[in-house]
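Here the structure comes first, spelled out in structure tokens, and everything after it is commentary.
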Amino acid sequence: MKLLPLLLILMVGCTAKVQPFLIQPNRLLTSSSDLSRQNTSANASIKSIKAGGVFSSNITIRKQDGTRERVPAKSVWGYSDKNGHVWRRQKRSFYEVVEVGQLVKYRTEVSTTTQVNGITQTNQEVAWLFSRTLDSPIYSSRRRALRDTLASSQ
């Protein structure tokens, strides 16, 4: 009976936690190869980066002094935020790169709204996405990303 709490503590302590993929902070990335280049200096003047609206082909970069700069979306692969987390752009959205291995794993937050007995409730949930490489399309299922891997290797 005394072993059960000890086993539970060991199991909880040994579970793998996902650590984000980190690089130099405050960098605008024009391609995935920029991730390996550490000689690029961090741009401390970047405050925030926002994807354009539905009909916009630009990304807005807000600087520390309050000025805004618009950059063509096609020239931006992604960015790193102030904490060094890497964000990849695809189809007007940004996805956080969490793990790079056999598959690349991304994280994003999705709002889900449910209505039960006339009460509406909105929750934020984490959605996991996958791609074969840093430059291949992002899929919502691991199986489809692996299928993309098999199709490209033939």
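Annotations for the structure displayed:
- Sulfur and carbon atoms: percent of accessible area, the stretch 35-110 [1.4 Å]: 46 percent
- Chain lengthening between residue 37 and residue 109 when straightened (0.36 nm per residue, less Cα-Cα): 23.1 nm
- Sequence of 96, 109, 125 from largest to smallest accessible area, 1.4 Å probe: 109, 125, 96
- Out of every Cα-Cα pair that the stretch 85-154 contains, those further apart than 18 angstrom amount to 46 percent.
- Using the Cβ-Cβ distance between residue 30 and residue 83 with R0 = 30 Å, the FRET efficiency computed as 1/(1 + (r/R0)^6) comes to roughly 0.90.
- Theoretical gain in end-to-end length, residue 102 to residue 126 [0.36 nm per residue, Cα-Cα removed]: 6.5 nm
- Projecting label points 7 angstrom from Cα along Cα→Cβ for residue 146 and residue 70 puts them 4.4 nm apart.
The values are calculated or read from the model by the stated rules, or taken from the named source; none is laboratory data. Note that the coordinates shown come from a computational prediction; the quantities given were computed from them, not determined experimentally. Virtual Cβ from ideal backbone geometry, glycine too; neighbours counted across all protein chains shown. For the accessible areas, the whole protein counts, side chains as well, though only heavy atoms, and no ligand, DNA or RNA atoms are used. Shrake-Rupley method; radii C 1.70, N 1.55, O 1.52, S 1.80 Å.
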